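Presented below is the structure to which this report refers.
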Amino acid sequence: MAKKQAEVIGWREWVGLPDFGIAAIKAKVDTGARTSALHAYYVTPFEKDGKPWVRFGLHPLQQDSLTCIECEAPVKDVRQVTDSGGHSEERVVIETCLRINGLEMPIEVTLTDRENMRFRMLLGRSALKKGFWVDSSKSFLLGGSKDQPLMSAL
């Protein structure tokens, strides 16, 4: 049986997060980051059925703090993460479904405030090892645009 050829993606791509009803969010593909990161302007832990969960707010569009999505997910882990500037912070880790180029796969995502960053999501190398190569000279190789609907029909 032949191994599937890796998909080439650009340094930024439109991806979906169907667990949260997000059809399109612009992500920076970051091979320097192990785990993917998602913007959360607040993170509130709570218990559900005796297990740790987290509720968080997401502004999915850059330079738009009016569009808000309230999300909930089970907590997978809490980890110390060091950013590219050398700053370390404790972050909640969740697992969610990533949709990219019609494929859906579970990925781990840390939640952090990315309000002042250019991208609301970083796609780290753990997600990329599922069959993607990055061409850092290209953008949006998989298509999509800011014109596609932000929210999918639930």
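The values are calculated or read from the model by the stated rules, or taken from the named source; none is laboratory data. Computed from a prediction, not measured in an experiment: that's the story for all the values here. Heads up, the Cβs are rebuilt from the backbone with ideal geometry, glycines too, and the neighbour counts pull from every protein chain shown.
Restricting to the stretch 88-97, give me the number of residues that are of a type in the set (Ser, Thr, Tyr) and either assigned to a loop (DSSP other than H, G, I, E, B) or in contact (Cβ under 8 Å) with a residue 60 or more places away in the chain (or both).
Count: 1.
As a summary of the residue check, Val78 satisfies the conditions (1) within 15 Å of the chain's Cα centre (by Cα); (2) surrounded by 13 or more Cβ atoms within 10 Å (Cβ to Cβ) except for the one numbered (1).
Report whether or not His39 is of a type outside the set (A, V, I, L, M, F, W, C) and more than 22 Å from Gly16 (Cβ to Cβ). No: the conditions fail for His39.
If only residues of the stretch 99-113 that are charged (D, E, K, R) and not in a loop (DSSP other than H, G, I, E, B) are counted, the one that is modelled with the highest pLDDT is Glu108. Look at (1) under 30 Å from Ala6 (Cα atoms); (2) assigned to a loop (DSSP other than H, G, I, E, B) and you find that Asn116 fails only one, number (1).
For the stretch 52-102, residues that are within 30 Å of Ala6 (Cα to Cα) and among the polar types (S, T, N, Q) total 5.
Results for (1) touching a residue at least 40 places away in the same chain (Cβ under 8 Å); (2) surrounded by fewer than 15 Cβ atoms within 10 Å (Cβ to Cβ), shown as yes or no for each residue.
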site	(1), (2)
Gly32	yes, yes
Glu47	no, yes
Thr82	no, yes
Gly86	no, yes
Arg99	yes, no
Glu115	yes, yes
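Would you be able to say whether some residue in the stretch 75-83 is among the hydroxyl-bearing types (Ser, Thr, Tyr), under 17 Å from Leu122 (Cα atoms) and modelled with pLDDT under 95? Even if it seems obvious, please write down each step before you answer.
Just the residues of the stretch 75-83 that are among the hydroxyl-bearing types (Ser, Thr, Tyr), to begin with: 82.
Right, trim to under 17 Å from Leu122 (Cα atoms) and you get 82.
From what's left, modelled with pLDDT under 95: 82.
Checking the stretch 75-83: at least one residue is among the hydroxyl-bearing types (Ser, Thr, Tyr), under 17 Å from Leu122 (Cα atoms) and modelled with pLDDT under 95.
Answer with yes or no whether Val54 is over 23 Å from Asp77 (Cβ atoms) and either among the hydrophobic types (A, V, I, L, M, F, W, C) or without any contact (Cβ under 8 Å) to a residue 24 or more places away in the chain (or both). Spelling it out, it is not the case that Val54 is over 23 Å from Asp77 (Cβ atoms) and either among the hydrophobic types (A, V, I, L, M, F, W, C) or without any contact (Cβ under 8 Å) to a residue 24 or more places away in the chain (or both).
Got a sec? Which of Glu72, Glu90, Glu7 is surrounded by 14 or more Cβ atoms within 10 Å (Cβ to Cβ), out of contact with any Leu (no Cβ under 7 Å at 6 or more places or on another chain), at pLDDT 90 or above and not small (Gly, Ala, Ser)?
The match here is Glu72.
When the stretch 22-47 is filtered for residues that are part of a loop (DSSP other than H, G, I, E, B) and farther than 20 Å from Lys76 by Cβ, the ones remaining, listed by number, are Thr31, Gly32, Tyr41. Restricting attention to the stretch 49-67, the residues being part of a loop (DSSP other than H, G, I, E, B), surrounded by fewer than 10 Cβ atoms within 10 Å (Cβ to Cβ) and not small (Gly, Ala, Ser) number 3.
Only one of the numbered conditions (1) more than 12 Å from Ala40 (Cα to Cα); (2) in contact with a Gly (Cβ under 9 Å, 6 or more places away or on another chain) is not met by Ala73, and that is (2).
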